[in-house]
1. Exactly one condition in (1) part of a loop (DSSP other than H, G, I, E, B); (2) touching a residue at least 40 places away in the same chain (Cβ under 8 Å); (3) among the hydrophobic types (A, V, I, L, M, F, W, C); (4) crowded, with 18+ Cβ neighbours inside 10 Å is false for L61; which is it?
2. So which residues in segment 13-36 are part of a loop (DSSP other than H, G, I, E, B), at negative phi and touching a helix residue (DSSP H, G or I) at 6+ places or on another chain (Cβ under 9 Å)?
3. In segment 92-113, what residues are of a type outside the set (S, T, N, Q) and either closer than 20 Å to C73 by Cα or not in a loop (DSSP other than H, G, I, E, B) (or both)?
4. Go through segment 37-58 and report how many residues are of a type in the set (A, V, I, L, M, F, W, C), outside any loop (DSSP other than H, G, I, E, B) and more than 23 Å from S122 (Cβ to Cβ).
5. Have a look at T62, T76 and point out the one that is in contact with a helix residue (DSSP H, G or I) (Cβ under 9 Å, 6 or more places away or on another chain), at pLDDT 95 or above and closer than 20 Å to V110 by Cβ.
6. Given the conditions (1) surrounded by 10 or more Cβ atoms within 10 Å (Cβ to Cβ); (2) over 23 Å from Y101 (Cβ atoms); (3) in contact (Cβ under 8 Å) with a residue 24 or more places away in the chain; (4) of a type in the set (D, E, K, R), which single one is not true for K3?
7. Any residue that is under 17 Å from M64 (Cβ atoms) and either touching a helix residue (DSSP H, G or I) at 6+ places or on another chain (Cβ under 6 Å) or crowded, with 16+ Cβ neighbours inside 10 Å (or both) - is there at least one of those in segment 118-126?
8. Tell me, please, whether a residue that is in a loop (DSSP other than H, G, I, E, B), surrounded by fewer than 18 Cβ atoms within 10 Å (Cβ to Cβ) and polar (S, T, N, Q) can be found in segment 78-85.
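The values are calculated or read from the model by the stated rules, or taken from the named source; none is laboratory data. It should be emphasised that the depicted structure is a prediction, and the values quoted were computed from it without experimental measurement. Cβ: placed from backbone, ideal geometry, glycine included. Neighbour counts: every protein chain shown.
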Amino acid sequence: MTKSINILLITADQWRAECLSTLGHPVLKTPHLDALAADGVLFRNHYAQCVPCGPSRASLLTGMYMMNHRSVCNGTPLDARFSNIGLEVRKLGYEPGLIGYTDTTYDPRVLPELDSSRERYSNVMPGFVQLVPGSEGGSSGAASALGPAIRINRDAARHFPPPGAHWPCV
């Protein structure tokens, strides 16, 4: 059986394009992100499709324009008819995890009537698993992840190779 490669997609809010030392910033030092960029793919000419951040992430994760996915402001549910990268890579055997938030919640039409997800603005986009409880953003979400330690809510024995380590090519 062929092992799958690990995929790490890093997105950030409010990050100016040139603010990586690998892109030549004269002051900022980002050695860990530089190592990831050197060993992976760095999008040097990527633009946000729309604003604010939630609809922009919905566009990135669905591959659709905002006018088509219709998640037009933060917290707007993504129509259950539309897929996203998390749901699609699950079909290939991946378990997409998320640290942070997507600002796109579940379509309430597909949730049971008493599902507590209907009450929250900051659910995780369908297909993803929240790896750090409380990191979904908002006034209390991010702060609650900054406790004495961050406990990853997954199997601690799972191995993720460091930058530079590759799965064998087949």
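1. (1)
2. Residues satisfying the conditions are D13, A17, L20, V27, L28, K29, T30.
3. Within segment 92-113, G97, L98, G100, Y101, D103, Y106, D107, P108, R109, V110 qualify.
4. Of the residues in that region, 2 qualify.
5. T62
6. So K3 meets the others, but not (1).
7. Yes: one or more hits.
8. yes
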